[in-house]
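The values are calculated or read from the model by the stated rules, or taken from the named source; none is laboratory data. Predicted model only: the values in this text are computed from it and were never measured. Here the Cβ positions follow ideal geometry from the backbone for every residue, glycine too, while neighbour counts run over all protein chains shown.
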C-alpha cells in the first residue's frame, strides 16, 4: 500500500508572480488560493527571499510557483526537448477541453490540438514562464485502458533490453477498439 494519498502540490519557478497569477486565473480559470513569502527558506534556513503562490487544481491538490528575485534567471534544460517536461491537467470532457482551448486562444495563447492519444485527447500550450501545459480528457473506454496496463510490463522489458518497444506500442495508434 502506498504511503501517499494524492498530490498535495507541485512547485515550479515563475518569472513574475503577478503575471503568473493573471495567467492562471484569467486564462486557466484556476483559483489563486494562497501566498507565502519569507526572507529565509524554512527547510534550509538560507537567507533567500521568495514569493510562493498557490492555485487549486482540484480538491486538496495545488499548483505552486516560486518567484526568486535573488537567483539567476531560470533556464531550460538544454538536453531535454521542451515537449517532455510538462504539467498535465485533467478536464472532465471534450466540451470543456474545447472551451478551454477557445478561452486560451481568445487570450492570445498559441494552442496545439486537440491531439488524439487513443486513451485521451489533449491540448498543449506554454504559460508565461515557459512551462508546457497539457489539458487532457479521457476518451478511451475501460477496455483500452486495461490493454495499456496489460502491455506496460512487456513494453518496459523490451525498452530495457533493446531501447525500443518495437511494435508492442503500435496498437495504441490503431483505432482497433473503435474509441474516438
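Observations on the model:
Residue by residue, here is whether (1) over 27 Å from residue 172 (Cβ atoms); (2) surrounded by 18 or more Cβ atoms within 10 Å (Cβ to Cβ); (3) in the same structural domain as residue 146 (by TED's automatic domain parsing) holds:
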residue	(1), (2), (3)
17	yes, yes, no
40	yes, no, no
43	yes, no, no
49	yes, no, no
96	no, no, no
105	yes, no, no
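- Any hit, region 141-156, residues being crowded, with 16+ Cβ neighbours inside 10 Å and under 24 Å from residue 15 (Cβ atoms): no
- Qualifying positions in region 128-139 - part of a loop (DSSP other than H, G, I, E, B) and crowded, with 20+ Cβ neighbours inside 10 Å: 131
- Filter result for the condition that a residue is touching a helix residue (DSSP H, G or I) at 6+ places or on another chain (Cβ under 6 Å) and either without any contact (Cβ under 8 Å) to a residue 24 or more places away in the chain or not in a strand (DSSP E or B) (or both), over 50, 32: 32
- Counted residues, region 10-29 - those being in a helix (DSSP H, G or I), over 11 Å from residue 56 (Cα atoms) and in contact with a strand residue (DSSP E or B) (Cβ under 6 Å, 6 or more places away or on another chain): 3
- Pick from region 101-115, criterion without any contact (Cβ under 8 Å) to a residue 60 or more places away in the chain and not in a loop (DSSP other than H, G, I, E, B), ranking: farthest from the chain's Cα centre (by Cα): 106
- For the condition more than 24 Å from the chain's Cα centre (by Cα), modelled with pLDDT under 90 and assigned to a helix (DSSP H, G or I), residue 167 qualifies.
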